[in-house]
Every structure is written in structure tokens, then in C-alpha cells.
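Trainee: Please read through the structure below; I'll follow up with questions.
The values are calculated or read from the model by the stated rules, or taken from the named source; none is laboratory data. Note that the structure is a prediction, hence the values are computed from the model and not measured. FYI the Cβ positions are ideal-geometry reconstructions off the backbone, even for glycines, and counts take in every protein chain you see.
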Amino acid sequence: MRASNYYAHPGFERAGLRRREPEWIRARVFDRDSLFIPVWRTQNLVIEREGDSRAAILAVEAVAPLLGGLSEGDFEERLGRGEFVFLGVIDERAHFALDVSGIEAPLDMLRSPTLAAAGIEGAAIAQEAVRFADLRQLGGRLERHESALLALARAMMFWHSRHRFCGLCGAPTRSEEAGHMRRCTDAACNTMHFPRTDPAVIMLVTDGDRVLLGRNKNFIPGMYSTLAGFVEPGESLEDAVAREVREETAIEVGAVHYHSSQPWPFPANIMLGFYAEAVSSEITVDYGELADARWFERDWLMSHVDDDSFRLPRLDSIARRLIADWLAERT
Ligand SMILES: [Zn+2]
């Protein structure tokens, strides 16, 4: 069995049935064993120490300043706004995503002693070591399990922030099922809205001992990667693979094989990874989409060291995984 991709498998039980037990959820929010993952305007809380990045996963007492004196009375109201999302259970400890976007400067409310009480080993953490960061910018420096937890928390809070009103009637929505559904507050409408994740295909096109890689205009200098694109309504994944490759490079593909998938919460995607066998070889680059696309020989890729003329995609991406697994196949 293949190892999971980065951002997948937070290593916990989602405990979906618990979402419909409001009393259990309420008790867990006030439980000293529960843990909270703060999300501030799509950024995650991390601790940087000695070149190492860790997720800041906080116990109730550590997160108390951010909760702002949460009382049982206003708990229901805040739960309904989607401030809390029950993510799941690890070692019998409930984990919640906590939206702190309403606070202008949440870092000012966190002090070293409270963070030290959060169960993070080692000496007290310096205030400046704690920051809110874009998970994507961390570039895979977090441990896998932590990265998957932060990705899930970020994805859920992004969805809440974009679905505060009903898409059918425009009335406000309220969070239900511990943050996993929003329902329209207009009684006649009553529509339920569920978290979204939009499918995108990403494929390594192979032709014997060479592969097709492209450069997006926005990539860092020298970076080439696999082709990718969104699945359109009414389209199979295989058709989406063939269409995207044809549109971007005019290469026709035959057999398409599934490899693995990766949650990609930037902002709300699931990347579905494939190998696609080319049945043509003449590249015509769509310069509206790409800056370049070329065939790369296996031996050349194996011997090249990343520099500004050519570099492989980032280590936490499924694109890198598709390329690395292909390179490893026949060595
Ligand atoms: Zn509605």
C-alpha cells in the first residue's frame, strides 16, 4: 500500500454521529481534555522554534483568551455562527477548529505561559515564535499528521466564511451538526448547505522513458510540474484528464490510470492524481495557460539538481509524488 499524501489522514476518528449529539458536543467544548485549532482569516496558528515548525493545538486553558469568557449561555449562539467545528477524536480527545477571525489581533491575546500550558513540550515559548501563517507557505515543513489537521480546520472555516447566506433565497444560514452543515434560516426555504470540496485532476503524462511537464506563468523560477485542471460538470475524471492535456499541450492521451488523491485546501480542492499514456508527441503549448511545456527524459531528471533553470514541484505536492514514484519505478 502506498503511503498517504501530505495533508491527508489527520490520524483521527471523525466520529460523524457525534455531530448530531448537541449535549455531547457542548460538554466536549468545556472539557479540559479537548483541543482547539485556531483559524484566523484562513491562517493557521504555528510555533516556530529552532528551524522547526509545529502546529499550535491548544487545550481549553490555553485557548481561553481567544474564547473570550465563553459562557454556556452564548455557546449556542456562537456554535450557530460556525465559530466551532467539531473535527474528530484522537486518543479520546475531541478536536475542534476555532474561528478567531472576528478578533483583530489574536496573537496579542496569547501569552507565553498559556501556550506553555498547551501541552507543547519544552520551555516556555517566546511570544515572537508564535504566528498565524498560510499553511501553503509552510511548504511541507510541518509533521504530516499536524499538517492534515490544520488543512482540515482551514478548509472547514473557509467554507463557513463563504456560506453565511443561502444561495437560493439570500437569507442568513446557521451552522448545525457541530459545524458540518449550514441551514437556511428562512423557514419556507430551510435549505441545507454542506461543505464543498471541488475535484481537480492532476496527471503525469508518460511516453516511454519521458514525461510531459509544464510551467505555469506564476511558478517560481525554473519550476516545472504535472498538468492539472478542474473537473467540469458532466465530465468523467478520465475525460477531464484527456481534455486538460489536449487543451494545454495538444497531446492526446490513451490509457489513464489512477494513482492517489490529496486534499488541497487552497482553498477547497481534492486533487485526483493519474498517470496518462501519451499517444501523440508533438507539443503545442497553450500560452494563455502555460509559459512552457516539454518532454523530460528519465535519466536527465534523475541526474539534474534543482536550480533556477529547472526544479521539481514542492515536496508536499501530489505532483512531486507522481513524478517521484514514476522515477522510482525502474531504478
Ligand atoms: Zn434559503
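Trainee: Considering only residues that are acidic (Asp, Glu) and without any contact (Cβ under 8 Å) to a residue 60 or more places away in the chain, which ones fall in region 1-44? Don't jump to the end; show me each part of the working.
Mentor: So in region 1-44, the residues acidic (Asp, Glu) come out as 13, 21, 23, 31, 33.
21, 23, listed by residue number.
Trainee: Restricting to region 1-27, and then to whatever is among the basic types (Lys, Arg) and surrounded by fewer than 16 Cβ atoms within 10 Å (Cβ to Cβ), can you tell me which residue is modelled with the highest pLDDT?
Mentor: 20
Trainee: Considering only region 240-271, state which residues are more than 21 Å from residue 148 (Cβ to Cβ) and touching a Ser or Thr at 6+ places or on another chain (Cβ under 6 Å).
Mentor: Within region 240-271, 250, 251, 252 meet the criteria.
Trainee: Please go through region 40-52 and pick out each residue that is out of contact with any Gly (no Cβ under 8 Å at 6 or more places or on another chain), part of a strand (DSSP E or B) and either among the hydroxyl-bearing types (Ser, Thr, Tyr) or surrounded by 12 or more Cβ atoms within 10 Å (Cβ to Cβ) (or both).
Mentor: 40, 43, 44, 45, 46, 47, 48
Trainee: Taking interchain pairs and intrachain pairs at least six residues apart, which have beta carbon atoms under 7 angstrom, with the first residue in region 137-162 and under 13 Å from residue 181 (Cα atoms) and the second among the basic types (Lys, Arg)?
Mentor: Short answer, once both residue conditions are applied: 159/196.
Quick grid of which residues meet (1) closer than 30 Å to residue 29 by Cβ; (2) in contact (Cβ under 8 Å) with a residue 40 or more places away in the chain:
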site: 189; (1), (2): yes, no
site: 205; (1), (2): no, yes
site: 208; (1), (2): no, no
site: 221; (1), (2): no, yes
site: 228; (1), (2): no, yes
site: 233; (1), (2): no, no
site: 247; (1), (2): no, yes
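Trainee: Among the residues of region 1-39, what is the count of those that are within 30 Å of residue 259 (Cα to Cα) and part of a helix (DSSP H, G or I)? Before you say what the answer is, go through the steps one by one.
Mentor: If we filter region 1-39 for residues that are within 30 Å of residue 259 (Cα to Cα), which is where we start, we get 1-16.
So of that shortlist, the ones also part of a helix (DSSP H, G or I) come out as 16.
Selection size over region 1-39: 1.
Trainee: Right, another one. Considering only region 212-257, state which residues are aromatic (Phe, Trp, Tyr) and outside any strand (DSSP E or B).
Mentor: Just the residues of region 212-257 that are aromatic (Phe, Trp, Tyr), to begin with: 219, 224, 230.
Once the filter is applied, which keeps residues that are aromatic (Phe, Trp, Tyr) and outside any strand (DSSP E or B), region 212-257 yields 219, 224.
Trainee: Report, by residue number, each residue of region 297-324 that is buried (at least 16 other Cβ atoms within 10 Å of the Cβ) and not in a loop (DSSP other than H, G, I, E, B).
Mentor: Keep residues of region 297-324 that are buried (at least 16 other Cβ atoms within 10 Å of the Cβ), which gives 298, 301, 310-313, 316-323.
Hits for region 297-324 are 298, 301, 310, 311, 318, 319, 320, 321, 322, 323.
Trainee: Just checking, how many residues over region 236-284 are closer than 30 Å to residue 138 by Cβ and out of contact with any Gly (no Cβ under 6 Å at 6 or more places or on another chain)? Outline the logic, then answer.
Mentor: Going residue by residue through region 236-284, those that are closer than 30 Å to residue 138 by Cβ are 237, 240-241, 244, 248, 258-275.
Imposing the further condition that a residue be out of contact with any Gly (no Cβ under 6 Å at 6 or more places or on another chain) reduces the set to 237, 240-241, 248, 258, 261-275.
Matching residues across region 236-284 total 20.
Trainee: With the checklist (1) of a type in the set (S, T, N, Q); (2) assigned to a strand (DSSP E or B); (3) out of contact with any helix residue (DSSP H, G or I) (no Cβ under 7 Å at 6 or more places or on another chain) in hand, flag the one item residue 280 doesn't pass.
Mentor: (2)
Trainee: OK, next. Please find, within region 142-165, the residue that is farthest from residue 55 (Cα to Cα) out of those that are surrounded by fewer than 16 Cβ atoms within 10 Å (Cβ to Cβ) and away from the ligand (no atom under 15 Å from the Cβ). Break it down stepwise before answering.
Mentor: Just the residues of region 142-165 that are surrounded by fewer than 16 Cβ atoms within 10 Å (Cβ to Cβ), to begin with: 143, 145, 161-162, 164-165.
Imposing the further condition that a residue be away from the ligand (no atom under 15 Å from the Cβ) reduces the set to 143, 145, 161-162.
Numbers: 143: 8, 145: 10, 161: 22, 162: 24 Å.
Here the answer is 162.
Trainee: Count, please, the residues in region 166-182 that happen to be more than 8 Å from the ligand (Cβ to nearest atom) and either among the charged types (D, E, K, R) or not in a helix (DSSP H, G or I) (or both).
Mentor: Narrowing region 166-182 to residues more than 8 Å from the ligand (Cβ to nearest atom): 172, 174-182.
If we keep only those that are either among the charged types (D, E, K, R) or not in a helix (DSSP H, G or I) (or both) as well, we get 172, 174-177, 180-182.
Number of matching residues: 8.
Trainee: Please verify whether residue 101 is over 28 Å from residue 184 (Cα atoms), outside any helix (DSSP H, G or I), touching a residue at least 24 places away in the same chain (Cβ under 8 Å) and not acidic (Asp, Glu), treating the condition exactly as stated.
Mentor: Working: over 28 Å from residue 184 (Cα atoms): no; outside any helix (DSSP H, G or I): yes; touching a residue at least 24 places away in the same chain (Cβ under 8 Å): yes; not acidic (Asp, Glu): yes.
No; evaluated as a whole, the condition is false for this residue.
Trainee: Among the residues of region 183-205, is there at least one that is under 23 Å from residue 232 (Cα atoms), within 16 Å of the ligand (Cβ to nearest atom), surrounded by 15 or more Cβ atoms within 10 Å (Cβ to Cβ) and not assigned by TED's automatic domain parsing to the domain that holds residue 275?
Mentor: Checking region 183-205: at least one residue is under 23 Å from residue 232 (Cα atoms), within 16 Å of the ligand (Cβ to nearest atom), surrounded by 15 or more Cβ atoms within 10 Å (Cβ to Cβ) and not assigned by TED's automatic domain parsing to the domain that holds residue 275.
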